[in-house]
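Novice: My questions will all concern the structure given below.
The values are calculated or read from the model by the stated rules, or taken from the named source; none is laboratory data. Owing to the predicted nature of the structure, the values given are computational and were not obtained by experimental measurement. Accessible surface areas use protein heavy atoms only, side chains included; no ligands, DNA or RNA. Shrake-Rupley method; radii C 1.70, N 1.55, O 1.52, S 1.80 Å.
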Amino acid sequence: MGIIYRQAHSADQLKQILELQRENLVEGLTEEIRSAEGFVTLKHSLELLAHMNAVCPHIVALDGDKVIGYALSMHPSFSEELPLIQPMFKRVKALLPAGSRFMVMGQVCIAKDYRKKGIFRGLYHRMQIALRNDFEWIITEVDDRNQRSLNAHYAIGFRDMEVYESDGRTWHLIQLPTAAAS
């Protein structure tokens with residue numbers, strides 16, 4: 001059986017997302033691992049993850065019943081839920097033409113044993129399909145220190161909207177068109 005990509009639909013899948021997130025949080029990794037493997041920055045609660053999923057389901061990669069990768073969907077209505085990313089939402093709204101329809105990919109992560117197997121590309125492809133009728137853009141931002149993630153995003157078609165400094169770090173605000181934007 002191969003890898004299946006779908007929208008998250010169960011509490012068990014959301015719990016598995018959180019476990020994979022916990023294993024890859026920046027503060028729990030050495031500099032060597034962060035540089036070689038990448039990392040995730042934000043930690044979500046099960047309640048917030050479930051609420052986000054109810055508004056726009058997250059995309060998961062499954063090997064059987066095991067979540068081996070995810071891409072979180074964060075509808076703009078969540079811009080006030082996570083203070084850390086409020087500035088990003090303000091930047092996006094200032095950069096896009098009025099009335100643009102976008103979804104923020106809130107975090108992407110692949111289990112270590114499944115990296116370099118096309119899962120990242122598969123997650124985004126499935127996200128583009130899921131969002132194409134309602135949104136023009138998938139937008140995210142990547143910490144410049146996470147070159148592995150940044151290069152992977154560029155490789156599948158993301159382009160810089162803006163590169164900026166905040167709190168001593170450089171961020172790349174990037175966008176990928178859905179079919180609606182093409």
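Novice: For His51 and Leu25 in one chain, what is 0.36 nm times their gap in residues minus the Cα-Cα distance, to one decimal in nm?
Specialist: Residue separation times 0.36 nm, minus the Cα-Cα distance, leaves 7.2 nm.
Novice: Which shape class, rounded, prolate or oblate, goes with the chain when its Cα gyration tensor gives a ≥ b ≥ c as root eigenvalues, a/c under 1.5 marks rounded, and past that a/b bigger than b/c marks prolate?
Specialist: It is rounded, given that a/c, with a ≥ b ≥ c, falls under 1.5.
Novice: Next question, about the same structure. Could you derive backbone 3J(HN,Hα) for the stretch 3-8 from the dihedral phi with the Karplus parameters 6.51, -1.76 and 1.60 (θ = phi - 60°), listing whole Hz in sequence and x where the residue is Gly or Pro?
Specialist: My calculation for the stretch 3-8 gives 6, 10, 10, 7, 7, 4 Hz in order.
Novice: I've got another one for you. Leaving ligands, DNA and RNA out of it, report the carbon-plus-sulfur percent of the accessible area of the chain at a 1.4 Å probe.
Specialist: 50 percent
Novice: Let me ask something additional. Quick check on the stretch 83-182: take the gyration tensor over C-alpha atoms, sort the square-rooted eigenvalues as a ≥ b ≥ c, and tell me if it's rounded (a/c under 1.5), prolate or oblate.
Specialist: oblate
Novice: Continuing with the same structure: On the Cα set of the stretch 129-178, report Rg and Dmax in Å, please.
Specialist: Computed over the Cα atoms of the stretch 129-178, radius of gyration and Dmax are 11.8, 38 Å.
Novice: Further, regarding this structure: Under a 1.4 Å probe, what is the accessible area of the chain per residue, stated in Å²?
Specialist: Value returned for the chain: 51 Å² of accessible area per residue.
Novice: Now, a different point. For n ≥ 4 DSSP H runs only, could you compute -39500 (n - 2.57) per run for the chain, divide by its residues and tell me the 222 nm figure to the nearest 500?
Specialist: Rounded to the nearest 500, it is -10000 deg cm²/dmol.
Novice: Continuing with the same structure: Using every pair of alpha-carbon atoms in the stretch 52-98, split the distances into 10 Å bins beginning at 0 and state the percent of pairs per bin, rounded to integers.
Specialist: 23, 38, 27, 10, 1
Novice: How many Lys pairs in the stretch 4-120 lie less than 25 angstrom apart by Cα atoms, where the lysines are 8 or more positions apart or on different chains?
Specialist: Value for the stretch 4-120: 13.
Novice: Could you check what % of the DSSP bridge pairs in the chain are antiparallel, to the nearest 5?
Specialist: 90 percent
Novice: Around Ser100, which amide H atoms from residues at least 5 apart in sequence, or from another chain, sit under 5 Å from its own amide H, with H modelled in the peptide plane?
Specialist: none
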